Amino acid sequence: MRILVIEDEHKIANSIKKGLEQEHFVVDVVYDGTEGYDYATGEEYDLIILDRMLPGMDGVALCIKLRSEQVHTPVLMLTAKGQIEDKIEGLDTGADDYMTKPFAFNELLARMRALLRRPKNYSGITLTLGDLSLNTATFEVKREDKDIHLSGKEFALLQYLLKHQNTIVTKEQIINHIWSYDANVLPNSVEVYIKHLRDKIDLPFKKPMIHTVRGFGYKLSL
């Protein structure tokens with residue numbers, strides 16, 4: 001899953017990024033509201049972690065602007081303000097949840113998991129296609145009830161394909177979603193990970209699910 005962190009305190013932002021990457025999330029970080037708006041509207045994210053007090057455009061104004069432009073990505077707002085009135089204002093602008101600094105990282109993860117369970121194409125915390133299933137909380141992957149062990153990047157790739165099942169996704173879309181902007185991605189990285197994934201979820205079974213659509217990209221379908 002791809003997360004956007006908009007937080008002007010570099011130490012907090014980088015700590016969140018490091019912790020989330022250890023949990024297999026792909027994380028982009030920006031440090032002001034104007035750039036955060038550009039990222040939030042220009043790319044596809046599963047969740048936005050948004051600081052309330054930001055240079056350029058504050059979190060409240062940013063959230064209002066995103067919702068007015070029909071950007072419905074879940075927003076978890078962070079702030080040093082803990083008054084009830086502040087929380088109500090944050091939620092009324094369109095934020096989905098609100099946390100006061102300082103906070104425990106485990107609580108942040110729990111609140112993120114709750115928000116990430118909401119999209120329409122989720123069934124609880126499990127994504128499925130036929131006899132293939134992926135649990136977004138336990139990182140378990142099964143096909144025909146057999147456990148499949150994936151690396152972090154393979155898991156992210158399969159999760160992205162499952163979320164867009166029966167739809168052609170391009171190499172560029174895959175790179176943009178499962179690698180962060182500061183990653184050094186080689187030209188054949190997508191092909192390499194697609195092959196690794198096929199070796200694990202297709203080859204041992206009779207019916208392949210990952211299909212190459214020549215000239216366009218890939219499609220996960222029965």
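The values are calculated or read from the model by the stated rules, or taken from the named source; none is laboratory data. In this text, all values refer to a predicted model and were calculated from it rather than measured experimentally. Every residue, glycine among them, receives a Cβ derived from its backbone with ideal geometry; neighbour counts consider all protein chains shown.
Side notes on the structure shown:
- Out of Asp38, Asp28, one residue alone is at pLDDT 90 or above and out of contact with any helix residue (DSSP H, G or I) (no Cβ under 9 Å at 6 or more places or on another chain). It is Asp38.
- Residue check, Tyr45 at pLDDT 90 or above, of a type outside the set (S, T, N, Q) and assigned to a loop (DSSP other than H, G, I, E, B): yes
- Verdict on Ile210 being in contact with an Asp or Glu (Cβ under 8 Å, 6 or more places away or on another chain), modelled with pLDDT of 90 or more and hydrophobic (A, V, I, L, M, F, W, C): yes
- Residue in the stretch 27-35 that is under 18 Å from Phe139 (Cβ atoms) and assigned by TED's automatic domain parsing to the domain that holds Ile64 present: yes
- In the set (1) in contact with a strand residue (DSSP E or B) (Cβ under 8 Å, 6 or more places away or on another chain); (2) surrounded by fewer than 18 Cβ atoms within 10 Å (Cβ to Cβ); (3) within 17 Å of Thr79 (Cβ to Cβ), the condition left unmet by Gly56 is number (1).
- Residue that is among the charged types (D, E, K, R), modelled with pLDDT of 90 or more and out of contact with any Phe, Trp or Tyr (no Cβ under 8 Å at 6 or more places or on another chain), where the choices are Lys81, Lys17: Lys17
- Where helices (runs of 4 or more DSSP H) sit wholly within the stretch 148-222, those with at least 2 residues that are of a type in the set (Phe, Trp, Tyr) occupy 152-163.
- Criterion: over 17 Å from the mean Cα position of the chain (by Cα) and surrounded by fewer than 20 Cβ atoms within 10 Å (Cβ to Cβ) - qualifying residue of Val185, Val190: Val185
- Per this entry, Asp199 is counted among residues that are at pLDDT 95 or above and exposed (fewer than 13 other Cβ atoms within 10 Å of the Cβ).
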